[in-house]
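Q: What follows is a structure written as structure tokens; I'll ask about it next.
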Amino acid sequence: MKTSHTFGGDWTEQKLERLQKYLKAYTTIFTKNERAQSLIPIYVDAFAGTGYRTSPLQLTKSLKLFEEFTEPEVDNFLKGSARLALEVEPSFQKYVFIEQNTARVGELQKLQTIFPQKQGNIQIIQSDANSWLQGWCRGTDWKRHRAVVFLDPYGMQVEWTLIEALAKTKAIDLWLLFPLGMAVNRLLTKGGKPPPAWEQALTRVFGTEDWRKNFYSQKTEPTLFGDIDVTVKEADFLKIGKFFVNRLKTVFSEVAENPLPLRNSRNTPLYLLCFAAGNPRGAKTAVRIAQHILRP
């Protein structure tokens, strides 16, 4: 029997399985906890794609800069999380699916027909996720609402300013696919510093220029014409991932210490599945649940 999704072994299943487990635990808390029952839980899926994992997915124009870094498997990687969230019981009271591509927005709208009992709770936004979500964070009454936000970019679309805005609400739990090997590691060139455009992209993702001193060092090498200073890349997957987790710790109440590498069929990390909790009161419990779910 031919399946519609066979690439990359089971790593795509790992992502969806872990997200689903957390969403079930999250909504159960809002059902059973008396204090939480007064709050409105929201699920937000940025870069929501089509909501499915079956039809081919093409890269958007926003990815042109990183086309040379794409893996064959990634073409179908980010599908299914929107529908998965709608299937979770107990339910969220509101669902927000954000997608910039018109064709994929049309596919997402079909979910309202597939889940007619939740149709009035589904909001589909055609917009850039970075700008729309920052406005949403500022305009939502976080005394009455709580949210799980899933950021699953194809590359380096998630800017640090968005992560800061999400953390500032003190009411959002964040699941994030950090493009560890998909883009970041490859932009950290071995032969000297990255070109200016790549440096700017890395600074937007990390929210600081400190990546330079963490990922590169200056060394003196002898040559026939005397000693010269050279820039040497010190970063590997582990060091990059640790640096990003520490960056999350600067803005979120608690952060999972064991993000999960999602690997392709050649066992190369493409993404790092990260978790951070924003609400100080429930952050330790949330991270404890997430760290258990993130275990290999």
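Throughout, read-outs are computed from the coordinates displayed, never taken from laboratory work. Note that this is a predicted model, so its numbers are computed, not measured. Note that we place each Cβ from the backbone using ideal geometry, even for glycine, and neighbour counts take in every protein chain shown.
Q: Whole-Hz Karplus ³J(HN,Hα) for the stretch 243-260, in order, using 6.51 cos²θ - 1.76 cosθ + 1.60 and θ = phi - 60°, x for Gly and Pro?
A: Each residue's phi maps through the Karplus curve to give 4, 5, 4, 5, 5, 4, 5, 6, 10, 9, 5, 9, 9, 5, 7, 10, x, 9 Hz.
Q: Taking θ as phi - 60°, what are the ³J(HN,Hα) couplings along the stretch 92-106 by the Karplus curve (6.51, -1.76, 1.60), each to the nearest whole Hz, with x for Gly and Pro?
A: 6, 7, 8, 10, 10, 10, 10, 8, 8, 7, 4, 4, 6, 4, x
Q: Label 7 Å along Cα→Cβ of A197; the stretch 152-180 residues with amide nitrogen under 16 Å?
A: 156-157
Q: Can you flag which of K193/K242; K21/K233; K21/K213; K15/K219; K110/K143 are past 30 Å Cα-Cα?
A: Result: K21/K233; K21/K213; K15/K219; K110/K143 exceed 30 Å.
Q: Can you list residues from other chains, or at least 5 along the same chain, whose modelled amide H is less than 5 Å from the amide H of I40?
A: H145, R146
Q: Assuming R0 = 30 Å, can you tell me the calculated FRET efficiency for the pair R138 and S38, based on Cβ-Cβ distance, to the nearest 0.05?
A: Once rounded, the FRET efficiency stands at 0.85.
Q: Using unit Cβ charges (K, R positive; D, E negative) and no other charged atoms, how large, in debye to the nearest 20, is the dipole of the stretch 87-204 about its Cα centre?
A: 260
Q: Taking H as built 1.01 Å from N, whose amide H comes closer than 5 Å to the amide H of V96, not counting residues under 5 places away?
A: Counting only residues 5 or more places away or on other chains, the set is Y43, V44, D45, Q123.
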